[in-house]
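To start, the structure under review is shown below, and the notes come after it.
The values are calculated or read from the model by the stated rules, or taken from the named source; none is laboratory data. Note that the structure is predicted; figures quoted are calculated from it, not measured. All Cβ positions, even for glycine, are placed from backbone atoms using ideal geometry, and neighbour counts span all protein chains on display.
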């Protein structure tokens with residue numbers, strides 16, 4: 001009798017051990033799934049915060065003034081014309097170039113989605129680069145480094161490549177857009 005009772009007890013312990021292993025494996029898999037979901041959510045939050053910072057760049061009064069100033073420059077302005085201008089034109093060029101350099105790096109690193117950058121900057125990126133390229137090339141010669149504002153150039157070139165992919169302006173292409181119901185988003 002004792003052997004039979006011990007055998008039943010051992011079977012029960014074996015079953016419990018198997019169940020414990022299965023539960024442990026389920027907990028580990030569940031933990032991994034949760035961790036992956038949390039990492040995705042954190043990455044998305046970082047992108048959203050970076051996009052908000054990008055919008056703040058453009059809302060900064062100094063940046064806005066510099067942006068307007070550089071966009072209004074005539075085509076073909078030389079680097080000397082920018083550098084020797086007494087009204088702070090070179091400061092505006094530096095602010096625009098440094099800002100777009102940062103945006104280029106954030107775009108390349110996929111911190112800010114390219115589509116957000118494209119929708120925000122659009123055709124003005126290549127236009128700003130075209131106006132400032134002679135000045136940047138002069139800085140590159142002075143510094144003996146092709147890396148001066150390399151990400152600004154990279155960004156302008158990517159934006160120019162994408163310029164033709166959306167032939168219609170947003171107000172035409174998305175005129176049927178409707179906001180979603182906010183209660184469904186939560």
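Only a single item in (1) without any contact (Cβ under 8 Å) to a residue 24 or more places away in the chain; (2) farther than 22 Å from residue 64 by Cα is not met by residue 111, and it is number (1). Restricting the first member to region 79-97 and to residues that are under 14 Å from residue 137 (Cα atoms), and the second to residues that are assigned to a loop (DSSP other than H, G, I, E, B) and modelled with pLDDT of 95 or more, the beta-carbon pairs closer than 8 Å and six or more apart or on different chains are 97/149.
Every listed requirement among (1) in contact with a helix residue (DSSP H, G or I) (Cβ under 8 Å, 6 or more places away or on another chain); (2) part of a helix (DSSP H, G or I); (3) farther than 30 Å from residue 42 by Cα is met by residue 73 save one, (2).
If the condition is being under 10 Å from the mean Cα position of the chain (by Cα) and part of a helix (DSSP H, G or I), then region 103-126 contributes 103, 104, 105, 106, 107, 108, 114, 115, 116, 117.
So is residue 33 closer than 26 Å to residue 142 by Cβ and either over 19 Å from the mean Cα position of the chain (by Cα) or surrounded by 11 or more Cβ atoms within 10 Å (Cβ to Cβ) (or both) or not? No. Taking residues in region 14-41 that are on the phi > 0 side of the Ramachandran plot, and partners anywhere that are at pLDDT 90 or above, not one pair has Cβ atoms closer than 6 Å while being at least 6 places apart or on different chains.
Please verify whether region 118-127 includes one or more residues that are more than 18 Å from residue 64 (Cα to Cα) and crowded, with 20+ Cβ neighbours inside 10 Å. Looking for residues that are more than 18 Å from residue 64 (Cα to Cα) and crowded, with 20+ Cβ neighbours inside 10 Å, one finds none in region 118-127, hence no.
Looking at region 135-152, which of the residues that are buried (at least 17 other Cβ atoms within 10 Å of the Cβ) and closer than 17 Å to residue 75 by Cα is farthest from the chain's Cα centre (by Cα)?
Only one residue tops the list, namely 135.
The single condition among (1) in contact with a helix residue (DSSP H, G or I) (Cβ under 9 Å, 6 or more places away or on another chain); (2) surrounded by fewer than 19 Cβ atoms within 10 Å (Cβ to Cβ); (3) within 26 Å of residue 44 (Cα to Cα) that residue 155 does not satisfy is (2). Would you check if residue 106 is touching a residue at least 40 places away in the same chain (Cβ under 8 Å) and closer than 22 Å to residue 148 by Cβ? Spelling it out, residue 106 is indeed touching a residue at least 40 places away in the same chain (Cβ under 8 Å) and closer than 22 Å to residue 148 by Cβ. Taken over region 127-154, the residue count meeting the criterion of being touching a residue at least 12 places away in the same chain (Cβ under 8 Å) and part of a loop (DSSP other than H, G, I, E, B) is 2.
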